[in-house]
Amino acid sequence: MIYKFYLRKIDSTGPLKALVNIELDKSFVVEGLKIIEDEKGKLSISFPSINKSPFGQICLLGDMKDVITEQLLSDYHSIKNEAIYEIRGDLNYKVKCHFVGYKKLRAYVDLDIGFIHIPGIKVIKKKDNSLFIAMPGKKTNRFDKDGNPIYMYFAKPCNTDFYDELYRNIVSVYDKLVLSTPQSELEALQKSY
């Protein structure tokens, strides 16, 4: 698998110095990482998080966190405007699912894909009993032509093949969770909203 990093400097006097997106093997993209400068001039990486969410933020896992942070900060100093570079690795991913007490038997999924941890993927049971998978994101201040709010997603599949595969795996893990949860507990979850 190829991890492709897109780094773009921001011409700013404020703390935001650059934006970074990560593409995983043309299958999945994580957007909205930021290089931030503190008051003392030290640079750090800020990862996107879901506003007011107890489920945390997107982050890098294991040894790769230090390697990639060093690479991004080094590249920030050496480039003029933009940089694109690649790291090779495996596209293995793990799906973990847990219920939250909402009316529509909603669940949250944590996705560990390669060396990136993506929390807060929502599984929502619709009225027709089909499942809707919502990638982590937040509502913007913009609206589409019909007046509906526009959402910005931090992490999402890049192509339909990977989306279909990921959707099937998330639904499979969700179904196993439903089957392994006692009926009385499921009913309590549905009433707890």
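Read-outs throughout are calculated quantities, based only on the coordinates presented, and are distinct from any laboratory measurement. Everything quoted here is computed from the prediction, not taken from an experiment. So basically every Cβ, Gly included, is an ideal-geometry build from the backbone, and we count neighbours across all protein chains shown.
Could you please report the charge total around Cys97, scoring K, R as +1 and D, E as -1 over all other residues with beta-carbon less than 9 angstrom from its beta-carbon?
Every neighbour counted, the sum reads +1.
How much net charge surrounds Met135 when only other residues with a Cβ under 12 Å from its Cβ are counted (Lys, Arg +1; Asp, Glu -1)?
It works out to a net charge of +2.
Summing +1 for each Lys or Arg and -1 for each Asp or Glu, what net charge is found among the other residues whose Cβ lies under 9 Å from the Cβ of Pro157?
-2
Note down the nm distance, to one decimal, between modelled labels 7 Å out along Cα→Cβ at Asp128 and at Asp175.
Output for this residue pair reads 1.8 nm.
Given points 7 Å out from each Cα along the Cα-Cβ axis, report the Cys59 to Ser78 separation in nanometres with one decimal.
2.8 nm
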